[in-house]
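First comes the structure, then the notes that go with it.
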Amino acid sequence: APAMSSCGGVKSRSRMLPRATRREVASAADFRALFAPHGLLLVKRCCGHTDLTLSGWGDEPRHRLAALTQAHPEMVASTWTLEHSRENSGPERNSTREHSGRTAARGSKATAKRRRTSEPTASDVPSESTKALPPDKQAAKLLDTGAPKSSWYASFVVQHDEEALSALLSSLPFAVAPAHGLRHLHCAWIFFGQNLDGAGDLAGRDEHTDKVSHDGTWHLQLAGSKRWRVRPSDELLAECPELPAVGYDVVCEAGDLFVINTRLWWHQTSIPETEAAQDGLSLSVARDFTFITHTEDSASSAGRDTEAEAGCDMTNLDGLFATDDIEADTIILKQSDMGAGELEIEVSEDPNCALVEVENEVVLVSKKDIRAGEWFSVADEDDSSAEDD
């Protein structure tokens, strides 16, 4: 067995993927002790086949999901995202992903949660006939059992709709993680897709971290399987240098629970072939959480799980951040590098970058020293404009 090491004051087997059984994470103290040191934990067979079957998600995941999307079209449309479709993926898609802790460029594309996204682009949709449909109709067509055997990967957030969220949570094997002592954001993420063309794993978004403030997110695999490739961020490695820089390759199967702090771990997911999966579908539900403090614990009936009182506004938004330290007055990206309409740069009252014109081309320049992991931001267009160098 690997040597025990200390990180954040808690001993853990850092070279191995942290694992636990459902019984081992039943108490708040045990769950926190296992998850908090590195922000990563896999609970195999957290839900048995009987649990999944009784919930209805184990037998008819496609039907249950289609019913949810059809009953709440506006909610689905507000955060609908095509994570990927096979026609967008080629053999080169993941060739730039680094697993050695090195970085391939100063700027990297990532996903920020808590931002509202735009409508899905036509190139994200698996077929011509689906392109013109609104998001809820896209979902209905993709989930249709009579649809062609295409490969696609989608997601949406259940939020701002009490009826939908209540119906979803009450239908799950459990609405909150097995461990007590957690406060959940008042929403749930649903990730689903099918991979039926026999061309290997279907990749989702490129490797990224999330700009979030909660302590972690648990993902319950309801049907099929999902592959996670994760590696520690520089921030996490600085705190826990004994972690393997190459990270872990994790396959979650139906009933498994994967818990991760997506701010501290670079992550990228893919869907293995789903031909043998129930309904030919990979399906998981996720919930973000924070740990309840001792003060909150006494006020919430001895640590029982609670819902955040305030609503949340979660979705996906592509953005740019520094993958290594950048000095002030450095050209980060040129307009020709960024691509028209491909990314949105965060707007801030205290921006760390500026858009300036250099030799008849607009470039993104650092206004101050930027640390690795910081998101690039610019001033609002109403407050500033591109300046000549």
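Computed on protein heavy atoms with a 1.4 Å probe, the accessible areas place K141, K334, K149, K44 in the order K149, K334, K141, K44, largest first.
Taking only protein heavy atoms and a 1.4 Å probe, what accessible area per residue, in Å², does region 131-206 have with all protein chains in place?
Here the residues of region 131-206 average 35 Å² of exposed surface.
Can you give the FRET efficiency to the nearest 0.05 for E74 and S150, using r as the Cβ-Cβ distance and R₀ = 30 Å? Please list the in-between numbers first.
Details: r = 26 Å, r/R0 = 0.85.
Approximately 0.70, to the nearest 0.05.
In this label model, K141 and A199 are separated by 1.8 nm, measuring between points 7 Å along each Cα→Cβ vector. Accessible area per residue for region 214-258, computed on protein heavy atoms with a 1.4 Å probe, is 30 Å².
Each label point was placed 7 Å from the Cα along the Cα-to-Cβ direction; for R371 and D325 their separation is 1.1 nm. When the C-alpha to C-alpha distance is required to be over 27 Å, the pairs from K334/K367; K44/K149; K226/K334; K137/K211; K149/K211; K141/K226 that qualify are K44/K149; K226/K334; K137/K211; K149/K211.
With Rh defined as the Kirkwood radius, the inverse of the mean 1/r over Cα pairs, the Rg/Rh of region 178-256 is 0.98. For L17 and N360, a Förster radius of 45 Å and the Cβ-Cβ distance give a FRET efficiency of 0.30, rounded to the nearest 0.05. Between A67 and D30, residue separation times 0.36 nm minus the direct Cα-Cα distance comes to 9.6 nm.
Length gained on full extension, F174 to E235, computed as 0.36 nm times the residue gap minus the Cα-Cα distance: 18.7 nm.
The values are calculated or read from the model by the stated rules, or taken from the named source; none is laboratory data. Bear in mind the structure is a predicted one, so any value in this text is a computation, not a measurement. FYI the Cβ positions are ideal-geometry reconstructions off the backbone, even for glycines, and counts take in every protein chain you see. Side chains are part of the model used for accessible areas, which takes the heavy atoms of the whole protein and leaves out ligands, DNA and RNA. Shrake-Rupley method; radii C 1.70, N 1.55, O 1.52, S 1.80 Å.
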